[in-house]
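The values are calculated or read from the model by the stated rules, or taken from the named source; none is laboratory data. Treat the numbers as computed from the prediction; the structure is a model and nothing was measured. In this analysis, Cβ positions are derived from the backbone assuming ideal geometry, glycine residues included, and neighbour counts consider all displayed protein chains. What goes into the accessible areas is simple: the full protein's heavy atoms, side chains included, and nothing from ligands, DNA or RNA. Shrake-Rupley method; radii C 1.70, N 1.55, O 1.52, S 1.80 Å.
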Amino acid sequence: MSEHPTEIKLHQQSHLLEITFDDEACYRLPYEYLRVYSPSAEVRGHGTGQETLQTGKKNVGVVEVLPVGSYALKIVFDDGHDSGLYTWEYLYALGQNQVEWWLQYLDRLAAAGQRREADCEQELTGGCGGGCGHA
Amino acid sequence: MSFNEADVQAALKNLIDPNTKKDFANGKSLKNIVISGNDLSLDILLGYPAQSVWKELSSLIETHLKSALPGAGKISVNVSSKVVPHAVQQGVKLVDGVKNIIAVASGKGGVGKSTTAVNIALALAAEGARVGMLDADIYGPSQPTMLGIDGQPETDGANFMKPMTNHGLQAMSIGFLIGTSDTPMIWRGPMVTQALDQLLRQTRWDNLDYLIVDLPPGTGDIQLSLAQQVPVTGAVIVTTPQDIALLDARKGLKMFEKVGVKIVGIVENMSTHICSQCGHEEHIFGSGGGGKMCADYNTELLGNLPLDIHIREQTDSGTPTVVADPDGKVAKTYKQIARRIAVKIAEMAQNHNAVFPKIVVQNT
């Protein structure tokens, strides 16, 4: 096994998971990034080409984080997704490749014509919908 | 010539514990050094159970101190053991009443896992440790027969069972809960993992230093659930020297590595066959397989056991070799293996890198 985390902090306001490893690497991983890169089969499928693009997770929250044996974390998101087991190795890779993988995700979103915002948020930012009439 | 505490410590720095291969001044084993005049007394607290060698060790240390501290009068060394609990994250419980969990596994079936597991458990108990045996083989429980236990466990309150006991071990097995020995458990995976969880957590283990888990062969539901649900201290892999067994044992070992369970070492079973007629010893399954696997994966060969008809007969009849013939050659090997395991487990318990990281939730 490679690096082992020493501390995990959940910043619930800023939606960041801060993880420090024993080689002193420290990564701040946004919940949305963790959610769309969940290692669950629901996201990854069962092989290359079977991935399901995750959309509209910009404001996803984390309900709790549970230890799995001594090798991984189970993250329970507030959209009900909880089937991803994030191993130390995977969390380390998520940290190391954060910029690259995030840009790749944004490219895939754009190519699919999808957005980071959930549907209701799109309406709000678009300034339409019942609640925001013209003054 | 007089001497002081520092002299004693310095002297013990030069004496290596044959079990841990470390000096006696190392760690926290040296305690209560009392010097009065020329007389000296001290305590050595070992992190592993070793009742059978306490005397041997104390005379070893006394002799060493006598020659290292000329002028010393009476020297008395009191050796005892206290098993260190496996450190886990605060708030995460290992299992109530259990200090360390040791999984005994193999890739392949029929290599003698259960026989090895029960004899290691009994060997640890013989060294003075409190030991439990959890039979995690739901489809083919062997421990009731091997431990010679009949009958059903008593309940303790609404949700707990008392472990069955024999030969000084506490034991739990699905075999105790089903009616007859030929009743099959015709269950799918989820039922099996739930049963394992209940056997583990709803048994009222009584202050165990070690819980030995006898795993079924393979790398499936049971092995994975165990690795995910509890922080297993370490795993012991049992294999025979045969290529086909080693092939599966390698997979078993890799599985534990993937789920972050430390490998304590490998036990090579059925290393040689000793003819009961003429005593001729032969490597019927090939030789050196276990050793080679250890070299490949940088782990320790804990010991080699022969394919001996007595081991089979004694264990099948409910009195495993360590109890049936405690001073025999085979029992000695089991005890050596058990002591190596205990020493390595004690080292792991002190390694805080293995602790699950702290999880902090902040409103920031």
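General remarks:
- Residues of the stretch B:2-60 classified as out of contact with any strand residue (DSSP E or B) (no Cβ under 7 Å at 6 or more places or on another chain) and on the phi > 0 side of the Ramachandran plot, total: 3
- Filter result for B:Leu122 (crowded, with 24+ Cβ neighbours inside 10 Å and assigned to a helix (DSSP H, G or I)): yes
- Of all residues in the stretch B:168-190, those being part of a loop (DSSP other than H, G, I, E, B) and either touching a Cys at 6+ places or on another chain (Cβ under 8 Å) or open to solvent by 60 Å² or more (accessible area, probe 1.4 Å) (or both) number 10.
- Checklist (1) more than 28 Å from B:Lys262 (Cβ to Cβ); (2) open to solvent by 60 Å² or more (accessible area, probe 1.4 Å) applied to A:Lys74, failing item: (1)
- Unique match (being touching an Asp or Glu at 6+ places or on another chain (Cβ under 9 Å), more than 14 Å from chain A (Cβ to nearest Cβ) and more than 30 Å from A:Ser70 (Cα to Cα)) among B:Pro320, B:Pro306: B:Pro306
- Looking only at the stretch A:47-67, and only at residues there that are surrounded by 14 or more Cβ atoms within 10 Å (Cβ to Cβ), more than 14 Å from chain B (Cβ to nearest Cβ) and in contact (Cβ under 8 Å) with a residue 40 or more places away in the chain, the one that is farthest from B:Thr364 (Cα to Cα): A:Thr55
- If you go through the stretch A:1-54 and pick out every residue that is outside any strand (DSSP E or B) and aliphatic (A, V, I, L, M), you end up with 7.
- Residue within the stretch B:274-294 that is assigned to a helix (DSSP H, G or I) and within 14 Å of chain A (Cβ to nearest Cβ) present: no
- Positions within the stretch A:1-20 being within 7 Å of another protein chain (Cβ to nearest Cβ) and not charged (D, E, K, R), in sequence order: A:Met1, A:His4, A:Pro5, A:Thr6, A:Ile8, A:Leu10, A:His11, A:Gln12, A:Gln13, A:Ser14
- Residues located in the stretch B:238-273, provided they are in a loop (DSSP other than H, G, I, E, B) and either away from every other protein chain (no Cβ under 14 Å) or out of contact with any helix residue (DSSP H, G or I) (no Cβ under 9 Å at 6 or more places or on another chain) (or both): B:Thr240, B:Pro241, B:Gln242, B:Asn269, B:Met270, B:Ser271, B:Thr272
- A:Glu18 being open to solvent by 40 Å² or more (accessible area, probe 1.4 Å) and of a type in the set (Asp, Glu): no
- Residue in the stretch B:331-349 that is open to solvent by 30 Å² or more (accessible area, probe 1.4 Å) and within 14 Å of another protein chain (Cβ to nearest Cβ) present: yes
- Residue within the stretch B:200-220 that is open to solvent by 60 Å² or more (accessible area, probe 1.4 Å), at pLDDT below 90, of a type outside the set (A, V, I, L, M) and more than 25 Å from B:Asp325 (Cβ to Cβ) present: no
- Being outside any strand (DSSP E or B), small (Gly, Ala, Ser), more than 11 Å from the chain's Cα centre (by Cα) and within 8 Å of chain B (Cβ to nearest Cβ) holds for only one residue in A:Ser70, A:Ser83, and it is A:Ser70.
- Single residue of A:Arg28, A:Arg35 found to be of a type in the set (D, E, K, R), in contact (Cβ under 8 Å) with a residue 12 or more places away in the chain and surrounded by fewer than 15 Cβ atoms within 10 Å (Cβ to Cβ): A:Arg28
- Test: residue in the stretch A:86-97 that is more than 9 Å from every other protein chain (Cβ to nearest Cβ) and over 30 Å from B:Asn298 (Cβ atoms): no
- Listed by position, the strands (runs of 3 or more DSSP E) inside the stretch B:1-105 whose residues that are touching a helix residue (DSSP H, G or I) at 6+ places or on another chain (Cβ under 6 Å), open to solvent by less than 70 Å² (accessible area, probe 1.4 Å) and in contact (Cβ under 8 Å) with a residue 60 or more places away in the chain number at least 3 are B:98-105.
- If you go through the stretch B:350-364 and keep only what is under 19 Å from A:Val68 (Cβ atoms), modelled with pLDDT under 70 and open to solvent by 40 Å² or more (accessible area, probe 1.4 Å), you end up with just B:Asn353.
- Single match in B:Thr321, B:Thr299, B:Thr272 (criterion: of a type outside the set (Phe, Trp, Tyr), farther than 22 Å from B:Gly110 by Cα and open to solvent by less than 60 Å² (accessible area, probe 1.4 Å)): B:Thr299
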